[in-house]
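The values are calculated or read from the model by the stated rules, or taken from the named source; none is laboratory data. Keep in mind that what you see is a predicted model, and the values were worked out from it rather than measured. A quick note on method: Cβ atoms are made from the backbone with ideal geometry, for glycine too, and the neighbour counts reach across all protein chains shown.
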Amino acid sequence: MNPIGIEKRPLAPAPEKNAAYDHALALTKVLGLAFPFLGPAATLFDVITAPKRGQRLTEWFETTRVKLNELSERVDGLTPEKLAKSDAFVSAFAQATQAALKNHQQEKLEALRNAVLNAALGREDDADHQTLFLALIDRFTVLHLTILRFWNDARHYLKDYDESIPLLPNGWKMQAAHLVMKAMPKLSEGNKDLTEQVINLVLNDLEAANLLTLDRTTGSMTAPSKNTASGESELTIEATVLGKEFLAFISEPTENPL
């Protein structure tokens with residue numbers, strides 16, 4: 001088997017802390033400007049951001065290479081030659097790389113990297129779905145991804161806080177944002193009203209993308225539920241079929257991927 005890469009090299013060292021500022025300052029002096037941040041804006045900001053962008057790109061390439069190398073050790077036939085011939089993989093890698101360059105949060109970088117790994121395995125047969133999913137990772141915040149994962153496996157999240165799925169009297173409804181805040185109490189620290197508004201925005205986005213469903217029969221966003229013979233209303237939240245497909249695409253391939 002031809003592994004992806006030759007050796008696991010350490011990540012390139014980060015640029016010196018003040019490198020970007022020093023370059024920008026030098027540029028303004030060369031241009032003979034009276035004040036910093038005046039002059040050709042494109043050139044100036046390119047110099048300011050170049051070190052960090054270079055660092056991000058180096059780390060993204062190296063960590064993705066290492067993960068592909070590890071995957072190739074478990075999957076027969078996963079070689080650089082095979083990937084180079086896969087239009088789906090090349091397109092996914094290019095799209096994910098553009099998104100990675102714009103992001104610094106590890107949760108999003110991990111989702112992008114997992115998407116590349118799954119593309120390498122040919123996990124997403126529909127090219128449109130693959131492009132859409134990568135675009136959603138780029139557009140969504142970490143909170144979007146976290147809430148969607150919670151919506152698809154609420155018991156897991158609630159169990160971490162010694163909570164259980166709330167049982168309500170038949171006919172009662174629970175605000176979707178309140179359920180999220182119950183499962184993730186750290187979100188409620190600070191301004192609870194603002195937090196609730198932000199969660200509602202995120203839930204709206206996820207519903208609009210058809211990744212989860214909400215109950216709007218009362219005119220507000222409530223968690224879907226069903227009445228039971230015991231007289232208690234049982235919450236029935238989960239991701240849609242498309243939402244489950246998206247979550248699988250951004251999750252690390254299993255130990256036995258094929």
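For the stretch 213-250, name all the residues that are over 18 Å from A183 (Cβ atoms), among the polar types (S, T, N, Q) and either assigned by TED's automatic domain parsing to the domain that holds R113 or touching a strand residue (DSSP E or B) at 6+ places or on another chain (Cβ under 8 Å) (or both). Across the stretch 213-250, the qualifying residues are S220, N227, T228, T240.
No other residue among L242, L235 is in contact (Cβ under 8 Å) with a residue 24 or more places away in the chain and within 21 Å of the chain's Cα centre (by Cα) apart from L242.
Right, E110: surrounded by 14 or more Cβ atoms within 10 Å (Cβ to Cβ) and outside any helix (DSSP H, G or I) or not? Taking the combined requirement at face value, the residue does not satisfy it. Across the stretch 62-74, not a single residue is classified as part of a helix (DSSP H, G or I), among the small types (G, A, S) and either over 19 Å from P253 (Cα atoms) or within 19 Å of the chain's Cα centre (by Cα) (or both). With under 26 Å from V66 (Cα atoms), more than 12 Å from the chain's Cα centre (by Cα) and basic (K, R) as the only criterion, which of R123, R216, R155 stands out? Checking each option against the conditions leaves just R123. Residues that are at pLDDT 85 or above and loosely packed, with under 13 Cβ neighbours inside 10 Å within the stretch 161-200 comprise just one, Q197. Just one of the numbered conditions (1) loosely packed, with under 15 Cβ neighbours inside 10 Å; (2) within 18 Å of the chain's Cα centre (by Cα) is not true of I137: (1).
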